[in-house]
Every structure is written in C-alpha cells, then in structure tokens.
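Here the structure is laid out as structure tokens; the discussion comes afterwards.
The values are calculated or read from the model by the stated rules, or taken from the named source; none is laboratory data. Please read all numbers here as calculations on a predicted model, not as lab measurements. As a convention, Cβ positions derive from the backbone with ideal geometry for all residues, glycine included, and neighbour counts pool all protein chains shown. Only protein heavy atoms, including side chains, enter the accessible area calculation; ligands, DNA and RNA are left aside. Shrake-Rupley method; radii C 1.70, N 1.55, O 1.52, S 1.80 Å.
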Amino acid sequence: MRHVADIPHPAVKITLLAWNGKFLLKLEQGNLEQTYKVAELDLLTGTDAEVRELLDEKFLAAAIARFQAMRADLQAAFDRHELR
C-alpha cells in the first residue's frame, strides 16, 4: 500500500492511499473510520487528482454526518449492554 497524500480538513483526517489498482480514501474522526475504495478504472485518467475531486463540500458534509450517526450507534450499543 502506497501513501499518496494527507489532505487537510478541519474536521476530518483524510488520507489518500493507492493499492492494487484502487485508490483508498480514508476518513478518520476520533476513534471512527470510513474507507472508500475507488477503482482506477472507474476514473477518466486514473489519477489521484480525480479522486481528490470527489472530496467536495457535499460529500464531506455527508461523511461528517455519518460519523455522528456512527458515534450514536456505538454509544447506543454500549448503553444496551451497560458497558459505559
């Protein structure tokens, strides 16, 4: 796996990786992680610049909202089992 770039964002750590004909967009917030795999063949030129275009405001807003839902789901599971 090859590290391509760290992409700055104030709310999410974004790492772009390349591996086995795919780009991996890894988004992290605290102890949660989302990974999106994008095949080079699904892109026009197969470059990391195209993958970066996916990280528009609408995509990132949805990912951040998803982190909030993931956090709530995890907390609900802890609460159901009285683990915290």
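One line per residue, one yes/no per condition, for (1) small (Gly, Ala, Ser); (2) at pLDDT below 95; (3) farther than 29 Å from LEU74 by Cα:
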position	(1), (2), (3)
VAL4	no, no, yes
PRO8	no, no, no
ALA11	yes, no, no
ASN20	no, no, yes
ASN31	no, no, no
TYR36	no, no, no
ALA39	yes, no, yes
GLU50	no, no, yes
ALA62	yes, no, no
Seminar exercise, completed: Residue count, region 25-84, condition among the hydrophobic types (A, V, I, L, M, F, W, C), under 14 Å from VAL12 (Cβ atoms) and open to solvent by less than 70 Å² (accessible area, probe 1.4 Å), comes to 13
Exercise. In the chain, which strands (runs of 3 or more DSSP E) lie fully inside it and hold 2 or more residues that are of a type in the set (A, V, I, L, M, F, W, C) and more than 10 Å from the chain's Cα centre (by Cα)?
Worked result: 2-7, 13-19, 32-39
